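Visitor: Below is one structure. I have some questions about it.
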Amino acid sequence: MSVIEGKTIWVTGASSGIGQALAQRLADHNNFVIISSRSRESLLDVQKASPKRIRVLPCDVSDDGAMDQAGRELAELTDQLDLVVACAGTCEYDNGLQLDSASYRRVFDANFFGVVNTLRQALPLLARSKAPVFAAVGSLSSVVGFPRAEAYGASKAALGYFLDAVRADLSRTCLKVVHIRPGFIDTPLTERNDFDMPFLMTPEAAAERIERGLARGHSTIDFPKRLSWSLRFFGFFRSLWFRISAPRMTRIRSLASRQ
Ligand SMILES: NC(=O)c1ccc[n+]([C@@H]2O[C@H](COP(=O)([O-])OP(=O)(O)OC[C@H]3O[C@@H](n4cnc5c(N)ncnc54)[C@H](OP(=O)(O)O)[C@@H]3O)[C@@H](O)[C@H]2O)c1
């Protein structure tokens, strides 16, 4: 079985990229899909493809109060959720290791606290499903330390730990927790990347992998496999990563001028 059908689903970050492709795919498979992001207009555009099966719920996942309000609106749209995919996220690189804490906070607010806020609002509605699933989108970049990705990679690594701890806490319940870790996907988030992105995939291909992994009941959904295997190899042999790969990628040549 590789398709999800007839479920009530909340997808955040659904106005573009991976979240949009996933929401559209799930709506095409006869699911009732509630989509969120900050931009109402973009969500309404996505809804046009499936007006009967998609409802919009604009919200900023990083805003605790706004998410409490979104939770109340969510409960008006549905009395239960079978699946939540927390996909909203952002990326800011730390060029020249500036360690600008405001940038790190923005990234953690969306990628980490955004998922905490999403789960808080979703749990009461997930509790009414017979087989509830909470999935969040991390990144394969959290497997090893990438130059310039201090904030982004750390937020996704923290997310991985958070999901494991939630899974442990709820291990005697029927809630399934899923960690989705894509490689490079061609979306607005990556279009400003000025480096080689091996095994780049389309958002539609990513959505297909995610739906298939969820339908098959996987707890971790890593793709593409070729990238995930090579990064896991380096995650195991960490000294090789720091001796061979990292020096080829970093742009910093001297501690005095970190440019
Ligand atoms: N693209 C990749 O290569 C890649 C790889 C690994 C993991 N990921 C992860 O996949 C997820 C989706 O990324 P993408 O590549 O599809 O990027 P994208 O096209 O830029 O989509 C990001 C989505 O998140 C929403 N969003 C951002 N901040 C938000 C906030 N504070 N509150 C609510 N919604 C917010 C955006 O909508 P608004 O701006 O309208 O709010 C948009 O819908 C992210 O978590 C990203 O880290 C991406």
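Visitor: Which order do the peptides 131-139, 149-157, 244-252 come out in when sorted by mean C-beta neighbours inside 10 angstrom, highest first? Mind showing how you got there, number by number?
Guide: Details: 131-139: 23.7, 149-157: 22.0, 244-252: 12.1.
Going from most to least packed, we get 131-139, 149-157, 244-252.
Visitor: While we're on this one: Rounded to the nearest 500 deg cm²/dmol, what is the calculated helix-only ellipticity per residue at 222 nm for the chain, with -39500 (n - 2.57) per DSSP H run of length n ≥ 4?
Guide: Details: 9 runs with 104 residues, N = 259.
Roughly -12500 deg cm²/dmol at 222 nm, from the helical runs in the chain.
Visitor: Let me ask something additional. Enter the Cα centre distance for the pair the stretch 193-223 and the stretch 21-98, rounded to the nearest angstrom.
Guide: Here the two parts' Cα centres lie 19 Å apart.
Visitor: Relative to the longest principal axis of the C-alpha atoms of the chain, give the angle of the C-alpha long axis of helix 150-169, reported between 0 and 90° and rounded to the nearest 10°.
Guide: The two axes meet at around 50 degrees.
Visitor: With a Förster radius of 35 Å, plug the Cβ-Cβ distance of residue 40 and residue 226 into 1/(1 + (r/R0)^6) and report the FRET value to the nearest 0.05.
Guide: 0.35
Visitor: OK, next. Counting C-alpha atoms alone, how compact is the stretch 8-249: give Rg to one decimal and Dmax as a whole number, in angstrom.
Guide: Cα only, the stretch 8-249: 17.5, 54 Å (Rg, Dmax).
Visitor: Moving to a separate point now. Just to be sure I understand: if I project the alpha-carbon convex hull of the stretch 112-225 onto a plane and average over all orientations, what area do I get in nm²?
Guide: 7.7
Visitor: At 0.36 nm per residue, minus the direct Cα-Cα distance, what do residue 218 and residue 251 gain on full extension? Give it in nm, one decimal, please.
Guide: Details: separation 33, 0.36 × 33 = 11.88 nm, distance 3.73 nm.
Length gained, residue 218 through residue 251: 8.1 nm.
Visitor: Would you calculate the separation in nanometres between label points at residue 168 and residue 48, each defined as 7 Å from the Cα along the Cα-to-beta-carbon direction?
Guide: Taking the two extended label points, one gets 4.8 nm.
Visitor: If you don't mind, another one. Which lysines, if any, have their Cα less than 30 Å from the Cα of residue 225, not counting same-chain residues under 8 positions apart?
Guide: 7, 156, 176
Visitor: I need the calculated FRET efficiency for the pair residue 28 and residue 80, taking r as the beta carbon distance and R₀ as 22 Å, to the nearest 0.05.
Guide: On the way: r = 22 Å, r/R0 = 0.98.
Between residue 28 and residue 80 the formula returns 0.55.
Where a number appears in this text, it was derived from the coordinates with a stated rule and is not lab data. Model, not experiment: these values are computed from the prediction. Glycine also receives a Cβ, built like all others from the backbone with ideal geometry; neighbour counts cover every protein chain displayed.
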